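Bear in mind that the values in this text are calculations on the coordinates, not laboratory data. From a predicted model like this one, the values you see are computed outputs, not experimental measurements. Here Cβ is always computed from backbone atoms with ideal geometry, including for glycine, and neighbour counts include all displayed protein chains.
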Amino acid sequence: MSAAENTPAGDGFNRTMPPSTVIPELVYEDVGEAIGWLCDRFGFQVRWQAGDHRAQLWLNGGTVVVTEPRTSRALPGPQSLLVRVADARAHFERARERGAKILEEPRDFSYGERQYAVEDLGGHHWGFSQSIADVAPEEWGGTTGPALHAPGQPVGTHLSVMLIVPDAAAAISWYRSALGATEVWNLGGVAGLEVEGAPFFIHEVNPQNPTENAPDAVGATSVRIELFVDNPDQVIQRALATRATLGSPIEDHQHFPGTVHRQGGFRDP
């Protein structure tokens, strides 16, 4: 596995900006306190922070900006947001156990979503929503518009790697600890994870199928995963601190004029 960083010139790429198209901005009196609260109660992670006045937080591929009222152009006052999660009940329990103010407990709705609502320390209202059924708008009284993707149409990327591992639970724990992976779903022995919004799958070895065996048992691997991140040095050092072994050293590469590609590699345990 390798971690790499791209700095292309003039092609619209900027690592400071997330891939999200719409980015909400929320105002809090104390940005540092808000960061800690949102990460603890809701499971956000920090993309970057600018002193005590602004930060970007990431959750499940979505990004929100937290800022303060004195230097920001964001409008103050309470806002409402809706965030998709894999398990609304589990997310609700986490928020409630940590003392968040619950506005509405999880409910199932006719449009195929399970949702609950909560208020944060700044008075902003958050709705968290889990998809529990694929329902056409016409089935609950709505009308389909031209931007709605019909079933079967490709939306985003549909190519993801599946890693065969001897112990799925141990592998999931390692990827969460070493790479900050998010567990999207888990069927016991098979799970879907995300790292920085990139999905991949974990599958425990299948004794009944010799093609579904772990690299150590086979004696070789031909899989190399490219993970594009903001700080490859930090990612690789974090992996090495949790029993990964160093592969290629971390170096700057210039494959094209004006483009610096910093890359290194490691082998996970």
| Pair S131, Q208: separation of 7 Å Cα→Cβ label points (nm) | 3.0
| message | What distance in nm separates the two pseudo spin-label positions at E183 and D167, each 7 Å out from Cα along the beta-carbon direction? | response | 1.5
| Cβ-based charge dipole, region 1-126, positive-most Cα from A74, P19, V31 | P19
| note | In nanometres, the difference between 0.36 nm per residue of separation and the alpha-carbon distance of Q234 and L246 is 3.0 nm
| Label-to-label distance, nm, for residues given as R98 and R176 (7 Å Cα→Cβ offset) | 1.4
| task | Could I get the Rg over Rh figure for region 10-136? Both from C-alpha atoms, Rh via Kirkwood, rounded to two places. | result | 0.99
